[in-house]
Amino acid sequence: MKSDKRKVVLVGCGMVGMSYAYAMLNQNVVDELVLIDVNKLRAEGEAMDLNHGLAFSGSHMRIWAGDYSDCTSADIVVICAGVAQAPGESRRDLLKRNMEVFKSIIDPITESGFNGIFLVATNPVDIMTEITYKLSGFNPRRVIGSGTALDSARLRYLLGSYIQADPRSVHAYVIGEHGDSEFVPWSNAMLSTKPITDLIAESKGKLNIEELDRIEDDVRTAAYKIIEAKRATYYGIGMSLTRITKAILGDENSVLTVSANLRGEYGQNDVFVGVPCVINSAGIQRILEFSLTDEEKAKFAKSCEELRATYKELEEK
């Protein structure tokens, strides 16, 4: 991690990438932001557009359209490149198409001498993060996927609305695959330090446990609903990536649910999956293990097995 200037290279100037860049500009997160896209003219136009807003942002960022040689001195390379998820298409349906994209990206990044942290947002993000790890040869602690960070934010928003509490005071997480097998370990969901299940039990019927199932389903299907309505999701993930970036550059030791490589945690090995992690300038400082119920352990194991099966199928093709 360089200490003089905070530098991030963004690969992929689509809606997700540019929502991230816009959030980074408004929050003044870095000193230098480099945009790379297969369409160089697109990257140049986006850089111009962002630069024209600098006078209103209070930021002193340098923003330019670059190439993979700019990765040499970067602290973080954020990968948002790939084809978009179409209406009715699962995140896994994207896999074959996006793997080909990544093969053309990772090699020139590592050949540049880049020695920072990879942050991956391209879907299906758990598999794409593992592909990045395998292609780059990096220590897995320095290869992070956006995982279920956005899903957890969606959960806190919906749960906070239901129990009439500020989402920032709601401590609840979505874990597992960023996709159809993700789930909420309700045994660890809290309002401040009070378990959500206790809060419901003491509500005298004003709240009910069945509503938690609806909230969990709404979180799981949120992306599909947004894609059906407006063809893509990008604002939420852009801000989620910005939050992860700040945790890395600020050496915060913040807990975020990102896609990380498990090595025995939760009884699982050799799989990238969304779990709460302590994030700092080294990347994933450590993985936090929650105490799960037997039912939750089974759900998590099933989610991990589905991811392993998908990756194995990919290797065999």
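Among residues belonging to segment 264-317 that are touching a helix residue (DSSP H, G or I) at 6+ places or on another chain (Cβ under 7 Å) and of a type in the set (Asp, Glu), point out the one that is modelled with the highest pLDDT.
Per the stated criteria, the residue is 296.
May I ask you to list the residues in segment 78-126 that are under 27 Å from residue 222 (Cβ atoms) and of a type in the set (D, E, K, R)?
Passing the criteria: 89, 91, 92, 93, 96, 97, 126.
Considering every residue within segment 83-99, establish whether at least one is in a loop (DSSP other than H, G, I, E, B), touching a helix residue (DSSP H, G or I) at 6+ places or on another chain (Cβ under 7 Å) and closer than 20 Å to residue 18 by Cα.
yes
Answer yes or no as to whether residue 156 is open to solvent by 10 Å² or more (accessible area, probe 1.4 Å), in contact with a Pro (Cβ under 9 Å, 6 or more places away or on another chain) and in contact (Cβ under 8 Å) with a residue 12 or more places away in the chain.
Yes, satisfied.
Keeping to segment 14-35, report how many residues are surrounded by 24 or more Cβ atoms within 10 Å (Cβ to Cβ) and either among the basic types (Lys, Arg) or without any contact (Cβ under 8 Å) to a residue 40 or more places away in the chain (or both).
2
Please go through segment 82-124 and give me each residue that is open to solvent by 40 Å² or more (accessible area, probe 1.4 Å) and of a type in the set (D, E, K, R), ordered by number.
Listed by number, the residues that qualify are 92, 93, 96, 97, 100, 103, 107, 111.
I'm told residue 227 meets every condition in (1) more than 23 Å from the chain's Cα centre (by Cα); (2) aliphatic (A, V, I, L, M); (3) over 18 Å from residue 152 (Cα atoms) except one. Can you identify the failing condition by its number?
Residue 227 satisfies all of (1) more than 23 Å from the chain's Cα centre (by Cα); (2) aliphatic (A, V, I, L, M); (3) over 18 Å from residue 152 (Cα atoms) except (1).
Across segment 67-124, which residue is nearest to residue 7 (Cα to Cα) among those that are at pLDDT below 95 and aliphatic (A, V, I, L, M)?
Checking each candidate, the answer is 101.
The values are calculated or read from the model by the stated rules, or taken from the named source; none is laboratory data. These figures come from a predicted structure and were not determined experimentally. Note that we place each Cβ from the backbone using ideal geometry, even for glycine, and neighbour counts take in every protein chain shown. Quick note on the areas: whole protein, heavy atoms, side chains included, nothing else; ligands and nucleic acids left out. Shrake-Rupley method; radii C 1.70, N 1.55, O 1.52, S 1.80 Å.
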